[in-house]
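Heads up: the structure comes next, in structure tokens.
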Amino acid sequence: MNSLPLTSQGAERLREELKRLKTVDRPRIIDAIAEARAHGDLSENAEYHAAREEQGFIEGRIKELDSSLGLAQIIDPTTLDTGGRIVFGATVELFNIATEDEVTYQIVGNLESDIEKLRISISSPIARALIGKEEGDEVDVQTPGGVTTYEILSVKYI
């Protein structure tokens, strides 16, 4: 099996989610199933079926997190000697030359990527284009809408 890169902060977030699923969500759904069973006929009991479905999702997520954390290669970006180059875990401030917009992304593993929180996957087109570049470089990124050119304003390891 391949190891999965994960930042130390990402690993901690996944551990917290796993703990919540096991200690809060799992017991809550077990109680909901028991209560629904007490209502009688299970064949037409919507609460029972909904609770069982939710239990399946919770158990599936627990298995996924257990497996992923077992395969994780946890990388602390603050300990890397990168010589100013962009590598996994970097937080990069970019300037879109065409739109003159600035955006800041952190390059993370697939498991922890979340575009709404500006964490992009190491396997994304923009992250692949940025890897190995330095502050001040310009980089062209192939996107579905065409090529976008960014200037790298800063590189940090938080």
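Where a number appears in this text, it was derived from the coordinates with a stated rule and is not lab data. Since this is a predicted model, take the numbers as computed values, not measurements. For neighbour counting, all protein chains shown are included, and Cβ atoms are generated from backbone atoms with ideal geometry for every residue, glycine included.
Once C-alpha pairs closer than 8 Å and six or more residues apart are averaged by separation and normalised to the residue number of segment 77-156, the relative contact order reads 33 percent. In a Debye calculation with equal point scatterers on the alpha-carbon sites of segment 4-75 and no solvent, what is log10 I(q)/I(0) at q = 0.19, 0.20, 0.28 Å⁻¹? Taking Cα atoms of segment 4-75 as identical point scatterers yields -0.74, -0.79, -1.15. Calculated mean residue ellipticity, 222 nm, the chain: -11500 deg cm²/dmol, from DSSP H runs (n ≥ 4) at -39500 (n - 2.57) each, averaged per residue and rounded to 500. In order along segment 18-26, the phi-based Karplus estimate (6.51 cos²θ - 1.76 cosθ + 1.60, θ = phi - 60°) of 3J(HN,Hα) comes to 4, 4, 4, 4, 6, 9, 10, 5, 4 Hz; Gly and Pro are listed as x.
Using just the alpha carbons, could you tell me how many Å³ per residue the convex hull of segment 77-156 encloses? Please report the intermediate quantities before stating the final value.
Working: hull volume 7.0 nm³, N = 80.
Normalising the Cα hull of segment 77-156 by residue number yields 87 Å³.
Once divided by 2.2 N^0.38 Å, the Cα radius of gyration of the chain becomes 1.42. Please give every one of the lysines within straight-line cross-link reach of residue 117, meaning a C-alpha to C-alpha distance under 18 Å, and leave out same-chain neighbours fewer than 8 residues apart. List returned: 156.
Counting every other Cβ atom within 10 Å of each residue's Cβ, 156, 133 order from fewest to most as 156, 133. Comparing 131, 33, 62 in a Gaussian network model of the chain (Cα springs below 10 Å), the most mobile by mean-square fluctuation is 33.
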